[in-house]
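Below is one structure, written out as structure tokens; the observations come after it.
The values are calculated or read from the model by the stated rules, or taken from the named source; none is laboratory data. The shown structure was predicted, so the numbers you read here are calculated from the model rather than taken from an experiment. Note: ideal-geometry Cβ built from the backbone for every residue, glycine included; neighbour counts use all protein chains shown.
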Amino acid sequence: MARASLGYSPPPLSYFRHVSHLHNYTRLAATSAFNVSSAAYPMAHPSLETLGGARDIFLPALSSLTRPYNPFPVIGSNRHVETIFASFYRSTPDVRLRRECLRTTDDGAVSLDWVSSDDRLLPPDSPLLILLPGLTGGSDDSYVRHMLVRARSKGWRVVVFNSRGCGGSPVTTPQFYSASFLGDMREVVAHVGNRYPKANLYAVGWSLGANILVRYLGQESDACRLSGAVSLCNPFNLVIADEDFRKGFNIVYDKALASALSKIFKKHALLFEDMGADFNIPLAANAKSVREFDDGLTRVSFGFKSVDDYYSNSSSSSSIKDVCIPLLCIQAGNDPIAPNRGIPREDIKDNPNCMLIVTPKGGHLGWVAGPEAPFGAPWTDPVVMDFLQHLERGKSGALSSINSESEQRRSEGLHQLEV
């Protein structure tokens, strides 16, 4: 069975039974692709919350939002049932992948999984989509595979970014990845961008992968090489997420994720022998909660004085205001792991590059709704793809316009601009 929606091995069934940049897009808004009066298009259905500084620009491209969000009967009625059902029973598309191990500048390693034969079948300027799974997740996860297949069917080149120790990626130094560390993300974007310099780059992140992605966008700001991005089930405020994670049924997810983290750690425990400072190796190896694992290992590895210090300084909620490329955020209002109250709504409203969609149901990476429910792709996948294709059409149109201007200037004997 597919057991991937949370990016970890789910609890046993007994638990289940018990329950580019701003100025470019300002310019594009004046073109036919983006010049849409707010009164000229149908509004999103009342069952969906939609807001953001870029809402009026992007909403016309997301035609499915005019229809109501209808959770699948019974399964979608409870957030925990939906979350665990998707994790256990969602289908996992069969895709042949080719793995590339990328050595990082600190001698670490991440794994990039490309669709086999794409180098031969796709032109070098095909849009390129980077996928970032959730905590402990990788390219075998069902939600990742569904997005990969959908994008590939539209002619996109896709690569899954498996973080250190995740998805079978090797650990070569005494350091895992974390919510705070953006070095690997920067190197992956640079690597794939240099390999396909003619392609526009985009990214989709889920859960902790979404948090890392949004932090990257905020920190890179005007220097970001991505043309657009999507954040799904982002915990945003990790302090709030941690508070909720240790309450009620959420303890089930906490224990399952802690077990997955400890399992990865134990495979590479020899690398961490004789670690001094504040490392608590036994605590990390036998962690009963994510907080214990982070206290014993993660926060020390990345120089934080406490777990709360780590969570506070690693939250992507503080990065939204600095995002300078188109960003779509999709959240479930009843998400048990990414709390609704942690969404930075005001900053999303104030940023002219961002749009937020909140569905009334969905659980955590469940979204068992839409025409492919209950076993097929999440409800979000068509929305994500419509958004990305809209950006690519606009980006291609902008580049064509710029190229035409360059041709005209060159024919007039003026200096040719490099694009």
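So here's what we get for this one:
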read-out	value
Residue that is farthest from Thr173 (Cα to Cα) [pool: residues in segment 292-321 that are within 20 Å of the chain's Cα centre (by Cα) and assigned to a loop (DSSP other than H, G, I, E, B)]	Ser319
Cβ pairs under 6 Å, 6+ apart, first in segment 297-319 and over 17 Å from Ile212 (Cα atoms), second aliphatic (A, V, I, L, M)	Leu297/Ala284
Subset of segment 150-171 (residues that are part of a helix (DSSP H, G or I) and over 16 Å from the mean Cα position of the chain (by Cα))	Arg152, Ser153
Search result, residues across segment 93-115 that are surrounded by 13 or more Cβ atoms within 10 Å (Cβ to Cβ) and not hydrophobic (A, V, I, L, M, F, W, C)	Pro93, Arg98, Arg99, Glu100, Thr104, Gly108, Ser111, Asp113
Given (1) at pLDDT 95 or above; (2) part of a loop (DSSP other than H, G, I, E, B); (3) farther than 25 Å from Trp156 by Cβ, number of the condition Asp254 does not satisfy	(2)
Residue identified as touching a Leu at 6+ places or on another chain (Cβ under 9 Å) and farther than 27 Å from Phe88 by Cβ among Val158, Val192	Val192
Members of segment 183-200 found to be outside any helix (DSSP H, G or I), out of contact with any Lys or Arg (no Cβ under 6 Å at 6 or more places or on another chain) and crowded, with 18+ Cβ neighbours inside 10 Å, listed by number	Tyr196, Ala199
Unmet requirement for Ser231, which otherwise passes all of (1) more than 15 Å from Leu328 (Cα to Cα); (2) in contact with a Cys (Cβ under 6 Å, 6 or more places away or on another chain); (3) not basic (Lys, Arg)	(1)
Residue check, Gly137 of a type outside the set (S, T, N, Q) and surrounded by fewer than 24 Cβ atoms within 10 Å (Cβ to Cβ)	no
So Phe304, is it among the aromatic types (Phe, Trp, Tyr) and within 17 Å of Phe181 (Cβ to Cβ)	yes
Tally of residues being closer than 13 Å to Ser319 by Cβ and part of a loop (DSSP other than H, G, I, E, B) across segment 214-234	2
In segment 108-122, residue farthest from Phe272 (Cα to Cα) [restricted to those that are polar (S, T, N, Q) and in a loop (DSSP other than H, G, I, E, B)]	Ser117
Subset of segment 229-248 (residues that are at positive phi and buried (at least 18 other Cβ atoms within 10 Å of the Cβ))	Cys233, Phe236
Residue pairs meeting the criteria (Cβ under 6 Å; at least 6 apart or on separate chains; first surrounded by 13 or more Cβ atoms within 10 Å (Cβ to Cβ), in segment 263-276; second part of a loop (DSSP other than H, G, I, E, B))	Ile264/Gly165; His268/Val171; Leu271/Pro174; Phe272/Pro174
Number of positions in segment 325-352 that are surrounded by fewer than 24 Cβ atoms within 10 Å (Cβ to Cβ) and in a loop (DSSP other than H, G, I, E, B)	7
